[in-house]
């Protein structure tokens, strides 16, 4: 198995490939590269038990896509015609979850396998009703299930019984063409679930694919609908774009399709002018850091995205009014971030960490003071996030590099020493 973006093993659309009467293109084992050796044993157990019990059971979605691309899937999902209650009765080590989607998790000691019943598109309640899908629990057939998925490359099934790939939506062809294409009418499908616009960006950046023309145009046209989506899901998608090492490509697409504008309009002036180069370099540094295996807390990732707003704003504020006190800096940071935070769902603790990291980062723009002052800064809770943010900023902008090194050296020296202890206060002897 390999895990390199853009590597597409040969998948033949000729040879033994057949098109059924229902429009399904069946690609036999000889014409694709998926092997059972690449599928975890627990996933195979679930598939075979469903089959032995008289149900259909297919590997589906991103797992099939990644196997065809020669990548290692991060998870394996199963689609079946068994209902949730029937799946639950087959596996004692399972539980039914979800409200909007009723799914079954089959729980093993080292993994959880997600099993979903085939679904079809829900019926709209009326012509004038908005297209946002709030309930999606209507059972269907394999072809209906494939056509209700988001993108063609995610609409593929792998049949463990015949070892063939089932393609109802043209996904294999789009894998060859390196395209992210919405299944069905892009205008309708993106209005049904605006988060699909961000997912299109994610898959294009992750796989190094292009967004198909009609899908791209629909994203641009309906970009404002992203504010109708669940803020919690939008927050998760933003963090997903920053966590995995493809944030620079993803954010370029977010800006290019104008999706970023309704989400963080405050950021646009700082990334569309001639001085914005360091912002893209900063994302490139972040990507290298994440791909190296180093972990970063979500508060630092989100702070990277907002850093131009705060640093440029603080520089302008001090140029107008002179040096700011610590309390004034923190007030400025909170007021600047408040309208941004209203569009996302961040835990209160995470918001506090972001604010404290920015306030501490601004203090690190000056050299360490005398020893006691350095101890107070280095061993404050926000320092770890602030120095990580400082490192990304200094390496990308070329500014304050020596200052960062001074603080980094002080941090390493002090962490190797015992922290200072307070002397016990002498008590006066009672007369």
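The values are calculated or read from the model by the stated rules, or taken from the named source; none is laboratory data. All values reported here derive from a predicted model rather than from experimental measurement. So basically every Cβ, Gly included, is an ideal-geometry build from the backbone, and we count neighbours across all protein chains shown.
Residues checked against (1) touching a helix residue (DSSP H, G or I) at 6+ places or on another chain (Cβ under 7 Å); (2) outside any loop (DSSP other than H, G, I, E, B):
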{"residue": "225", "(1), (2)": "yes, yes"}
{"residue": "232", "(1), (2)": "no, yes"}
{"residue": "237", "(1), (2)": "yes, yes"}
{"residue": "252", "(1), (2)": "no, yes"}
{"residue": "258", "(1), (2)": "yes, no"}
{"residue": "261", "(1), (2)": "yes, yes"}
{"residue": "276", "(1), (2)": "yes, yes"}
{"residue": "287", "(1), (2)": "yes, yes"}
{"residue": "308", "(1), (2)": "yes, yes"}
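When the residues of the stretch 328-351 are narrowed to those that are more than 22 Å from the chain's Cα centre (by Cα) and within 17 Å of residue 386 (Cβ to Cβ), which ends up surrounded by the most Cβ atoms within 10 Å (Cβ to Cβ)?
Applying the filter and picking the extreme gives 333.
Using beta carbons and a limit of 8 Å, which pairs, at least six apart or on different chains, have the first residue in the stretch 81-108 and without any contact (Cβ under 8 Å) to a residue 60 or more places away in the chain and the second one surrounded by fewer than 13 Cβ atoms within 10 Å (Cβ to Cβ) and not in a strand (DSSP E or B)?
If the second residue must be surrounded by fewer than 13 Cβ atoms within 10 Å (Cβ to Cβ) and not in a strand (DSSP E or B), the pairs left are 96/85; 100/134; 100/135; 107/93.
Just to verify a result, which residue in the stretch 396-410, among those that are under 31 Å from the mean Cα position of the chain (by Cα) and surrounded by fewer than 16 Cβ atoms within 10 Å (Cβ to Cβ), is farthest from residue 279 (Cα to Cα)?
So, considering only residues that are under 31 Å from the mean Cα position of the chain (by Cα) and surrounded by fewer than 16 Cβ atoms within 10 Å (Cβ to Cβ), the one farthest from residue 279 (Cα to Cα) is 408.
Conditions tested, residue by residue: (1) in a loop (DSSP other than H, G, I, E, B); (2) in contact (Cβ under 8 Å) with a residue 60 or more places away in the chain; (3) in the same structural domain as residue 59 (by TED's automatic domain parsing); (4) within 21 Å of the chain's Cα centre (by Cα).
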site	(1), (2), (3), (4)
166	no, yes, yes, no
169	yes, no, yes, no
172	no, yes, yes, no
197	no, yes, no, yes
200	no, no, no, yes
203	no, no, no, yes
206	no, yes, no, yes
216	no, no, no, yes
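Of these, 265, 186, 269, which one is crowded, with 17+ Cβ neighbours inside 10 Å and over 22 Å from residue 296 (Cα atoms)?
Step by step, each of 265, 186, 269 is checked, and only 186 is crowded, with 17+ Cβ neighbours inside 10 Å and over 22 Å from residue 296 (Cα atoms).
Which numbered condition in (1) in a helix (DSSP H, G or I); (2) within 14 Å of residue 117 (Cα to Cα) is the only one that residue 66 fails?
Evaluating residue 66 over (1) in a helix (DSSP H, G or I); (2) within 14 Å of residue 117 (Cα to Cα) leaves (2) as the failure.
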